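The structure appears below as structure tokens.
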Amino acid sequence: MRNGVKAAVIGGVCVTLLGGAGYGVYNIASALNGDGGTAGPAPARTGPPDGAEVRQASRAFLAAWEKGDAATAAAYTNYPQAARELLAAYGTDAHIGKVRITPGEATGATVPFTVRATVSYEGAAKPLSYRGSLTVVRGETSHRALVDWRPSVVHPRLRTGDTLATGALAAPEIEPVDRDGKVLTRRRYPSLGPLLDELRRRYGAKAGGRPGVGLVIRHQAAADGGQTADTPLLTLAEGRPGRLPTTLSASVQAAAETAVLKYPESSVAVVKPSTGEILAVANNRRDGFDAALLGTRAPGSTMKIISAATLIDNGLTTAGGPAPCPPSAVWQSQTFHNLQGLAPDEHATLADSFARSCNTAFVDFADEVKPDSLTREAEDRFGLGRDDWRIGVPSFDGRVPAAGGPDTAAALIGQGQVQLSPLNMASVTATATTGAFRQPVIVPLRLDGREPARARGLAPGTVAQLRAMMNRTARSGTAATVMAGLGGDVGAKTGSAEADGEARSDSWFTGYRGDVAAAAMVQDGGHGVDAAGPIVASVLRNAG
């Protein structure tokens, strides 16, 4: 009898629950197994999210963002606090409203989408549209399908630490003009984009303009407290630009822009030796970094211009004096070699070893050079390493520290702790060819009364020897192949510098033609004539 009742009851329950939630079915199954009817947790999902999860998570996130519900949208990401702050700023600080987001077809876990919205501020409004994308990942602890949070989800140009803001622009617009009054625009000279932003930040108020209103990317302050200029995205109300004179040359800038496009991760700076005026600055780098002005890389054998001047000025040798080129040189247990294929020459002069870029010839002088001689030469005669250049925008002023141990020898060939930028090396070439250090400038000193850095420069006899050695290098030495065909008064120095952890050396080259000096650096570019040399030669060829 009890067996019959039991069967009926169970059967009745089963009939009831089969049309209900799976949870009930699970409880009945558990009861039959004698576990008291308590359900265990569902097993955590693992592995990449499937298509349904990608669709569900992405659409839930985009829908909440579209409604302006930052908290809910952030909850669908793997970094909700950071996401909430930026998504909230999207509507409050950036004043972006009437948002419509249209998702596209997913490719794997990546979902493209289109944003159409309106930016409104104090009676001014303009439409905003752009394309973006997001990626859905599995949460490490929640195991949920979540949007992989990064600022670029909100706008493709945002990076870590960035935010969006709308309001009066930090500084009035400027109309930068070159030395001949030609307007310089980022559209025509894209490499100048970051530089023009910095000029606007520094000189917008001094150039007589009126600020406009717009949407900008506000960047995080640098570790040293410096603030990078805002990046404008959309102008709501035009300001009145102020005219800002620069020392740049539109024609030389165009030549520099064209030259760097042929070599990734390249930078070049061009100066006028007789005045120190910067004629062009161009970069072709994925990270957008202005390495031409701010780069901090070992300059390799281009440093031998300063090293040769040090040897001459300290009476250790002359251009025509002895500088033997052995196959190897040892300094404090460190062995130095020359480039592969360079034949030794025990009877070489300094001019011979300079033109052939013999490392061992310079290393062998390490015994005679005082630890601070190279530093003093760089600072006192070439104006480097004192952190006092005022070119009109931020710049790195070079670093040639007093060396000790193996670095004494390494510094003579531009390795060790020596760091320079292309602008530093262009200035070195200008000083070597004129004898006078003229701090490079990109904004005329008179505009804001800046006092330039000063150095005593070189003696006429040293200049004559350096010019002769650089001319020989350009005509028959290591730079001859790339300088071929350039007429007039020319000179050059090649260089390659090894960097820790990188398979290829950095390519360096500096040269002059008449009253134009240029220096280029290409990271991982190989030898000086492989990449940096053609850039400089092209600029010199088209700068006349």
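Quick rundown of the values:
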| quantity | calculated |
| --- | --- |
| Virtual spin-label span in nm between ALA124 and THR102, 7 Å along Cα→Cβ | 2.8 |
| Between 0 and 90°, nearest 10: helix 532-542 axis offset from the chain longest Cα axis | 70 |
| Across LYS272/LYS493; LYS206/LYS272; LYS272/LYS304; LYS206/LYS262; LYS370/LYS493, pairs whose alpha-carbon gap is larger than 28 Å | LYS206/LYS262 |
| Built amide H within the under 5 Å cut-off of LEU164, gap 5+ | ARG218 |
| Relative packing of 339-352, 159-172, 520-533, which averages over residues the other C-beta atoms within 10 Å, highest first | 520-533, 159-172, 339-352 |
| DSSP bridge orientation in the chain - percent antiparallel, rounded to nearest 5 | 90 |
| Three-way shape call for the stretch 252-542 based on the alpha-carbon gyration tensor, with the a/c threshold at 1.5 | rounded |
| Phi-based couplings in Hz for the stretch 103-117 (Karplus 6.51, -1.76, 1.60; Gly and Pro marked x) | x, x, 6, 6, 10, x, 9, 9, 10, x, 7, 10, 10, 10, 8 |
| Burial ranking of peptide ranges 230-240, 143-153 (average Cβ count within 10 Å, highest at the top) | 143-153, 230-240 |
| Contour excess over end-to-end distance, with Cα ends at ALA436 and GLN340 and 0.36 nm allotted per residue | 31.0 nm |
| Inter-centroid distance (Cα atoms) of the stretch 471-487 relative to the stretch 95-163, Å | 53 |
| In degrees, nearest ten, helix 250-260 long axis to first principal axis of the chain (Cα) | 70 |
| DSSP bridge pairs, the stretch 174-245: antiparallel proportion in percent, nearest 5 | 65 |
| Cut-off under 5 Å, modelled amide H: who pairs with LEU244 long-range | GLU175, VAL177 |
| The stretch 294-325 versus the stretch 415-439: alpha-carbon centroid distance in Å | 12 |
| Degrees between helix 2-18 axis and first principal axis of the chain (Cα, 0 to 90, nearest 10) | 50 |
| Phi-based couplings in Hz for the stretch 321-329 (Karplus 6.51, -1.76, 1.60; Gly and Pro marked x) | x, x, 7, x, 10, x, x, 8, 9 |
| Identified option (computed Cα Rg over 2.2 N^0.38 Å; candidates (i) 0.97; (ii) 1.19; (iii) 1.34) | (iii) |
| Efficiency of FRET from Cβ geometry, ARG157 and LEU447, R₀ 35 Å, rounded to 0.05 | 0.70 |
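Read-outs: derived from the displayed coordinates by stated rules, not from any lab. A quick note: this is a predicted structure, and the numbers were derived from the prediction, not measured. Reconstructed Cβ throughout: ideal geometry from the backbone, glycine too, with neighbour counts over all protein chains shown.
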